[in-house]
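The structure appears below as structure tokens.
The values are calculated or read from the model by the stated rules, or taken from the named source; none is laboratory data. This is a predicted model, so every value here is computed, not measured. Note that we place each Cβ from the backbone using ideal geometry, even for glycine, and neighbour counts take in every protein chain shown. Just so you know, the surface numbers come from the protein's heavy atoms only, side chains and all, with ligands and any DNA or RNA stripped out. Shrake-Rupley method; radii C 1.70, N 1.55, O 1.52, S 1.80 Å.
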Amino acid sequence: NAGVTQTPKFRILKIGQSMTLQCAQDMNHNYMYWYRQDPGMGLKLIYYSVGAGITDKGEVPNGYNVSRSTTEDFPLRLELAAPSQTSVYFCASSHIPREQYFGPGTRLTVT
Amino acid sequence: AQTVTQSQPEMSVQEAETVTLSCTYDTSESDYYLFWYKQPPSRQMILVIRQEAYKQQNATENRFSVNFQKAAKSFSLKISDSQLGDAAMYFCAYRSASGLGGATNKLIFGTGTLLAVQP
């Protein structure tokens, strides 16, 4: 099993550009999550999904969108990138009530 | 709302020694999970240990063990026989056990403790 994979590992965006962060898991988990980690802080939940076709907002959803067309994939879309979105983004998955498994993260810089 | 507090921004330990990282949390729930995650310089979030609130027995995983004090809402991590590879940021996290998933099962993180291991 590859676990949770994320692409790209690094990205630099200009203000106003858009991009999609990819996340995939091969553990057949129903639950998937997107977190962001700002410097010196813990992770905060952006969006989550409880299954294909079902998504909902977390604590900090503004400026992001998600979709979940399959169990395996949970992409995160950034529209009109802003410097405040400079962060490290983590995707995670879980089979409730088990612990969440994290991907390696994507470091995004918006300049 | 639940909160997690790690009051030690940085800790240092000599190789082969024992170190304890502190974590306190605040919740009105009776059923929940607590976790310690390790984040090395690679940034990968690695689960170290998990504790179910309904279990009185403290969880252990090889050199890692916890001291779970439910009444005091305290959840410390003890690392025995510290190794150079233990150097990392350690995050304490809380998750509600109620609900059917989604935001109610999100992880709530502390701000982390950066552990240095001296050779």
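Test of understanding: among A:Arg11, A:Arg36, which residue is under 12 Å from the mean Cα position of the chain (by Cα), surrounded by 16 or more Cβ atoms within 10 Å (Cβ to Cβ) and on the phi < 0 side of the Ramachandran plot?
The match here is A:Arg36.
Might you check whether a residue that is modelled with pLDDT under 95, more than 8 Å from every other protein chain (Cβ to nearest Cβ), part of a strand (DSSP E or B) and open to solvent by 50 Å² or more (accessible area, probe 1.4 Å) occurs anywhere in region A:20-27?
No, because not a single residue in region A:20-27 is modelled with pLDDT under 95, more than 8 Å from every other protein chain (Cβ to nearest Cβ), part of a strand (DSSP E or B) and open to solvent by 50 Å² or more (accessible area, probe 1.4 Å).
Do any strands (runs of 3 or more DSSP E) entirely within region A:65-111 hold 2 or more residues that are open to solvent by 40 Å² or more (accessible area, probe 1.4 Å) and either touching a strand residue (DSSP E or B) at 6+ places or on another chain (Cβ under 7 Å) or at pLDDT below 95 (or both), and if so, which?
A:106-110
For region B:63-74, name all the residues that are open to solvent by 50 Å² or more (accessible area, probe 1.4 Å) and within 15 Å of the chain's Cα centre (by Cα). Write out each step before concluding.
As a first pass, look at region B:63-74 and keep what is open to solvent by 50 Å² or more (accessible area, probe 1.4 Å): B:63, B:67, B:69-73.
Result: B:Arg63, B:Asn67, B:Gln69, B:Lys70, B:Lys73.
Could you check how many residues of region A:28-58 are of a type in the set (A, V, I, L, M, F, W, C) and in a loop (DSSP other than H, G, I, E, B)?
Filtering region A:28-58 for residues of a type in the set (A, V, I, L, M, F, W, C) gives A:32, A:34, A:41, A:43, A:45-46, A:50, A:52, A:54.
Now restrict to residues that are in a loop (DSSP other than H, G, I, E, B): A:41, A:52.
Count: 2.
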